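Derivation of every value follows stated rules applied to the coordinates shown; laboratory data play no part. Bear in mind the structure is a predicted one, so any value in this text is a computation, not a measurement. With ideal geometry, Cβ positions are generated from the backbone for all residues, glycine too; neighbour counts draw on all protein chains shown.
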């Protein structure tokens, strides 16, 4: 008997077995990209010589880089639109909405598999599908018909009971799970939601939970497909896509977490980590300077309507800047129809376009030392664009009430109406463009900012390099390859992008790498958590990084390092981390010995000592690394 995760994986299994910890390969039905990662993914697809994508559905979204300051973003959007049209990919135009919100509304299907070049792709698992965030090269491989390789995850049952009360939100459910499990507690795991409480959560609420499950480091999270799913799809005019899916009654799991929805309190993740969770009552009275409502976590119709109910007939505190960004153009149209948009404007909110916006650092940076409440999924250091700001992650209810009071406030004590108009039924797909029926006539437009893909060299038998940077625990991809309006326009120009690597950790890191002909990165636990952006591996590869020695790795970043031919190594004895300093000369010995044993030796020539290190790599991983990355491997074996 199988749990839901195992059922879907079993139906898509190409290679391997349903044994936690073992390597598997699965067939991918759908892919998605967004514009911050999509240009590189499609350049890689082109490099593979693929004419038409091999998936059931692939969609290219533009939602991250919609701030068109200069020619770069607009040029890249033209590339994305034409390359999609030519290769059989749907294209969601700028302004149509955030990829995860739109995909949930228009394309996600129970029982299907989806990988996306964005770490919050698991949003669609609220629909009873296996949706996984991955690096862009893995998505390109899936579009080329290559199975997706991963480690069969453990499946953790999250048993929900009870019902959310007044002022409580699905955001509080996932914050509670983060409080219990931490940002690395989900590595190698899927969180599968069961119990009577599931029936008290709508698809939008489930999507909030599966979206932010990415902050646990989980492979994905998943809800069953049930009558609530059916109702959601009916209101999207997609009833034919529904089918019932759930775990077998006597399914087994690898662990259990129990959450009573009725017992939850409003929570907030404090700076600078999604697992730094406290009850709002502990923070009550803290002065607030900015409130931002939106992002792929909390920008659906229901969240927007709850915010409208709170703001109705009231005015935002004079010392607070409130910005609201609906998740899709379709949601925005419905807010216009119900009058909610008018409520926002009359209350003093600033309305942003339907895009990622401030969540990815595209505008709305807080003032110096400011306190910003955000309904987003990440509050990593520097991500907002203001290094000195304090960023708190909260529910829409906490955000809206606090915008009115000017301080962090508990919405359970605030009088507002819990009910609202049912979501109107109408569909507008006019900004989703189908691929060309005559792809041979489509000319792909390439602006001057799109540079050729950098190529790596094959791995050598011995690596001797200096430690060019030493980093603490929980280094994110935002640390490695920052986002924001200054950096993201260069996502198709790795030479330029590499100048920003570790910009908030070590000035002129790129020059240090060039002066030392590359190097080795040394780090602590959970290296590479956060975004799926492969630029955090690709740009270091361009700078000559040959290995990363860490206490542990985040799942997607580990895969990205392999894809770009960088050797990910972990200490056998984690205390060895303390004995290594920047600019130590390290020698990774007998790299090919990893084929015979997962443990090899690293010698510190500067300190006159050696360490045992291990690599959690399959033979296929090693083959890719030895040839200098996945693109080299594919070219060499076509």
ask   = Only one of 510, 473 is assigned to a helix (DSSP H, G or I) and either touching a residue at least 24 places away in the same chain (Cβ under 8 Å) or farther than 30 Å from residue 362 by Cα (or both); which?
value = 510
query = Of all the residues that make up the stretch 610-638, how many are on the phi < 0 side of the Ramachandran plot, out of contact with any helix residue (DSSP H, G or I) (no Cβ under 7 Å at 6 or more places or on another chain) and outside any helix (DSSP H, G or I)?
reply = 7
query = In the stretch 617-631, what residues are farther than 21 Å from residue 454 by Cβ and in contact with a strand residue (DSSP E or B) (Cβ under 7 Å, 6 or more places away or on another chain)?
reply = 618, 620
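Residue by residue, here is whether (1) surrounded by fewer than 24 Cβ atoms within 10 Å (Cβ to Cβ); (2) touching a helix residue (DSSP H, G or I) at 6+ places or on another chain (Cβ under 7 Å); (3) outside any loop (DSSP other than H, G, I, E, B); (4) in contact (Cβ under 8 Å) with a residue 60 or more places away in the chain holds:
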position: 258; (1), (2), (3), (4): yes, no, yes, yes
position: 271; (1), (2), (3), (4): yes, no, no, yes
position: 278; (1), (2), (3), (4): yes, no, yes, no
position: 282; (1), (2), (3), (4): yes, no, yes, no
position: 307; (1), (2), (3), (4): no, yes, yes, yes
position: 314; (1), (2), (3), (4): yes, yes, no, yes
message = Being over 29 Å from residue 131 (Cα atoms) and in contact with a strand residue (DSSP E or B) (Cβ under 8 Å, 6 or more places away or on another chain): is that true of residue 526 here?
response = no
request  = Assess whether residue 532 counts as being assigned to a loop (DSSP other than H, G, I, E, B) and touching a strand residue (DSSP E or B) at 6+ places or on another chain (Cβ under 6 Å).
outcome  = yes
request  = Pairs only if they're at least six apart or on different chains, beta carbon under 7 angstrom, first in the stretch 7-33 and free of Cβ contacts under 8 Å to residues at least 24 places away in the same chain, second in a strand (DSSP E or B) and crowded, with 18+ Cβ neighbours inside 10 Å; list them, first residue then second.
outcome  = 13/24; 13/26
message = Just to check your reading of the model, which residue among 547, 537 is buried (at least 24 other Cβ atoms within 10 Å of the Cβ) and out of contact with any helix residue (DSSP H, G or I) (no Cβ under 8 Å at 6 or more places or on another chain)?
response = 547
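Per-residue answers, yes or no, for (1) closer than 15 Å to residue 355 by Cα; (2) assigned to a helix (DSSP H, G or I); (3) under 20 Å from the mean Cα position of the chain (by Cα):
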{"residue": "52", "(1), (2), (3)": "no, no, no"}
{"residue": "72", "(1), (2), (3)": "no, yes, no"}
{"residue": "78", "(1), (2), (3)": "no, yes, no"}
{"residue": "82", "(1), (2), (3)": "no, yes, no"}
{"residue": "111", "(1), (2), (3)": "no, no, no"}
{"residue": "125", "(1), (2), (3)": "no, yes, yes"}
